[in-house]
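Okay, structure first, notes after.
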Amino acid sequence: MSQTIAVLDFGSQYTQVIARRIRECNIYSKIFHYSTPVKELAKENLQGIILSGGPSSVLRKDAPLPDKKIFELGVPVLGICYGLQLMGKVLGGSVEKSERREYGRGTLTLKRKSPLLKDLPKQLKVWNSHGDKVTALPPGFKAIAATENSDYAVIEDAKRKFYGLQFHPEVVHSERGIEILKNFLVGVCKCKQDWKMSDYVDTVIKEIQEKVGDKRVILGLSGGVDSSVAAALIHKAIGSQLTCVFVDNGLLRLHERDRVEELFGDHFHIDLRTAKSGPRFLKALKGVTDPEKKRKIIGKVFIDVFDEEVKKIGDVDFLAQGTLYPDVIESVAIGGNPAALIKSHHNVGGLPKRMKLKLLEPLRELFKDEVRALGKALGLPDSMIWRHPFPGPGLGVRVLGEIKKSYLDILRQADHILLEEMKRTGYYGKVWQAFCVFLPVRTVGVMGDERTYDYVIGLRIVESLDAMTADWAHIPHSVLQIISNRIINEVKGVNRVVLDISSKPPSTIEWE
Ligand code: XMP
C-alpha cells in the first residue's frame, strides 16, 4: 500500500491544490472529509496528516472539528490557516478574532530553526487569508516565524511533530511554499517520493469498481482529452459495463468521427455507439444566426440525442463525466458555505438531473497536466493527449451566422490544412489553440485568368495558459504563407485568408 498523506478538508478552495502539490513531490495524498473517524484514516498507510484551510472560524459554536484522536495517532500533523487555528484551539492554546483581517501578501520572518523551514532564507513573502489568529500557544509549541500581523505564523511542537502555518504554502504567491510543504513531507514525515501517476491508475480503478459494482455506466465521449482519458480509465476498471456514446453532430472536424471510432472502438474495444445526427442538428439550426441561440440549440439537441441513446441501452445507473478540478469551482459545502458550485460542461450539464443518473467523475481531483499524464499511463496516443481544446458546439460557433452544410465543408477542409501545417512545423504543440473560422462574406479575387467571388477564411492562433486571457501567436510569416497558399489553392470556394491579431480581452478566443 502506498505511503499516504491524508488531507482533511475543512472546505478550503485550496484543498485540491494542496493534494496536487503533494503529488508533485511524488507522494500519494488522499482527501478526506474533516470529520472522518480515526479508524477510517488508520486503514491507510498514513505517513502524515494535513489539516486544510477553510471558510469557518474556530470561534464559532458549530466550527468543523476533526476526530480529536488524530492527534494520538503518532503521525506528524500540519495545520494550514484554519488548520493551524484549530490546532491552537483543540490542543489547549487560545484563538481570537484578529483586529485586522490579514489578506494578501505578508512578510514572514524566521525566528528560530526548524526542519519545516530548512534551507530557507530569513525572510519570505507569503500569502495570507484569515480573520482569526492564535494568541496563546498550546503546551509544547514554540513560535518559529512571524508576520507583521501575527507572532505565531509558523508554530512547532517538535516532540510530537505537530506544525502549523498561518499562511497558504500551497499557492504560487507564497515564495518557496512548495519547499515548506516538501520539508514537512520528506523532512518530517519521512515520505519516500516514489509514487507515480501509473500507481494512481490502480487506486482509481479500485475506487471505480467499488462504486459501480455490477451496474452500468454511460459516458458521452467527445474525443477531447478529458472524456477520452475518463473513457480509457473507466473501461480499464469495468470493461463492458461501460458504454460510450459519441454524438456526431455534423459540426466536427475532418475525419473526427473515424479517429474516435478507430481508437476507442477498434483499438480499446470499448462498447462505442455513434449517434449519426448531423442532419438533425442542421435542421434545428436552420435560419438561426445568434451565437447564444445556436449554442442553446446545439446543447438541447445533444441532450435529446444522448437521452435516446441511453434509452436504447436500457438499465443505466451512472453517468460518467471527465470533469476536472478546475471545472469544480468550490470545494464541498462545509461550515455553512453554499453547496458545491460546478461549472457545468456546456454539453452535458443538464444530463444527470434529467436522467436521474448517479455521477461518476474519476478525474475530479486532477488538473489538466495530471490528466495528460494519466492518459499517457493508460496508453492513449500523444496525438490524443496533446489535442487543443475544441468547444462543445464545435464548428457551429466557427461558421459565423447561419450554419450551412456547404460552409461547414469548406471550413473543415481549411481547418485540416491549418492543423496539418501547424503539426508539420512543430507550432501545434507551442500554441493553445489554432483553428479556422468561416466568414460568410464574399470577396473578389483572380485565379488564372478568371475573376472569382468567394468566401473568406480567418486564422485564429492563440497562446494562453488557461483560456481566461490569450494573445495571438507570432507564427513566422513563412509558415503563414504556406497555410494561406494551400487553403486558397486547395479549398474550393475560398479566395482570401486573413489573420486574427486580437488578444483576449477585449476579444475572445472563438469568434462567436
Ligand atoms: P472564448 O471564446 O470564451 O473561449 O475566449 C475560451 C475557451 O473556451 C472554449 N469555448 C467553449 N467550449 N463550449 C465549450 O465547450 C462553448 O460553448 C465554448 N465557447 C468557447 C474555447 O474554444 C476556448 O478554449
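The values are calculated or read from the model by the stated rules, or taken from the named source; none is laboratory data. Predicted model, so just to flag it, every value in this text is computed and none were measured. So basically every Cβ, Gly included, is an ideal-geometry build from the backbone, and we count neighbours across all protein chains shown. Ligands, DNA and RNA are stripped out before the accessible areas are found, and what is left, the full protein with its side chains, is counted by its heavy atoms. Shrake-Rupley method; radii C 1.70, N 1.55, O 1.52, S 1.80 Å.
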Residues whose built amide H sits under 5 Å from the amide H of Ala470, excluding neighbours closer than 5 in sequence, are Lys504
Amide H proximity to Gly445 below 5 Å, modelled H, separation 5+ or other chain, gives Thr452, Tyr453, Asp454
Restricting to Cα pairs under 8 Å and 6 or more apart, the percent relative contact order of segment 50-95 works out to 49
Taking alpha-carbon centroids only, segment 360-382 lies from segment 417-489 a number of Å equal to 30
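Return the carbon/sulfur percentage of the accessible area of segment 386-454, one whole number, probe 1.4 Å, all protein chains in place.
Roughly 53 percent, rounded to a whole number.
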Going residue by residue through segment 402-417, the Karplus relation 6.51 cos²θ - 1.76 cosθ + 1.60 with θ = phi - 60° gives ³J(HN,Hα) values, rounded to whole Hz and with x marking Gly or Pro, of 5, 8, 10, 4, 5, 5, 4, 5, 5, 4, 4, 5, 5, 4, 4, 5
Of all C-alpha pairs within the chain, those more than 39 angstrom apart amount in percent to 37
Computed ³J(HN,Hα) along segment 433-443: with the Karplus parameters 6.51/-1.76/1.60, θ = phi - 60°, integer Hz and x for glycine or proline, the list is 8, 9, 7, 9, 10, 9, 9, x, 10, 10, 10
Kirkwood Rh for segment 57-186 from C-alpha pairs, in Å, is 14.6
Among beta bridges assigned by DSSP with both residues in segment 369-473, the antiparallel ones amount in percent, to the nearest 5, to 95
Shape descriptor, segment 388-443: equivalent ellipsoid semi-axes (Cα gyration tensor, sqrt 5λ, whole Å, largest first) stand at 22, 13, 9
Under a 1.4 Å probe, counting only protein heavy atoms, His416 has an accessible area in Å², nearest 10, of 50
From the Cα centre of segment 1-67 to that of segment 204-270, the distance in Å is 31
Computed from the beta carbon distance with a Förster radius of 25 Å, FRET efficiency for Ser240 and Ile205 to the nearest 0.05 stands at 0.95
For the chain the mean separation of alpha carbon contacts under 8 Å (6+ apart) over residue count, i.e. relative contact order in percent, is 11
Here the alpha-carbon Rg of segment 26-100 over 2.2 N^0.38 Å rounds to 1.14
Of every hundred units of 1.4 Å-probe accessible area on segment 185-332, the number belonging to carbon and sulfur atoms, as a percent, is 50
Spelling it out for Thr323: with amide H atoms placed in the peptide plane at 1.01 Å from N, the residues 5 or more places away or on another chain with amide H under 5 Å from its amide H are Leu363
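Please list 265-275, 185-195 highest first by mean number of surrounding beta-carbon atoms within 10 Å per residue. Spell out each step's value before the answer.
Numbers: 265-275: 16.0, 185-195: 17.8.
Order by mean packing, descending: 185-195, 265-275.
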One can check that the equivalent ellipsoid of segment 107-157, built from the alpha-carbon gyration tensor with semi-axes equal to the square roots of five times its eigenvalues, has lengths in Å, largest first, of 17, 16, 8
Going residue by residue through segment 215-222, the Karplus relation 6.51 cos²θ - 1.76 cosθ + 1.60 with θ = phi - 60° gives ³J(HN,Hα) values, rounded to whole Hz and with x marking Gly or Pro, of 7, 9, 10, 10, 9, x, 8, 9
With the 8 Å Cα cutoff and a minimum separation of six or more residues, segment 99-196 has a relative contact order in percent of 28
Measure of exposure for Lys423: accessible area at 1.4 Å probe, Å² rounded to 10, is 120
Sorted list, accessible surface of protein heavy atoms, 1.4 Å probe, largest first, for Tyr82, Tyr103 is Tyr103, Tyr82
Among GluC sites (Glu not before Pro) in segment 137-199, those in a DSSP loop whose Cβ has at most 13 other Cβ atoms within 10 Å are Glu148
Taking a probe of 1.4 Å and leaving out DNA, RNA and ligands, the chain shows per residue an accessible area in Å² of 46
Given 60-67, 15-22, the highest-first ranking by average Cβ count within 10 Å works out to 15-22, 60-67
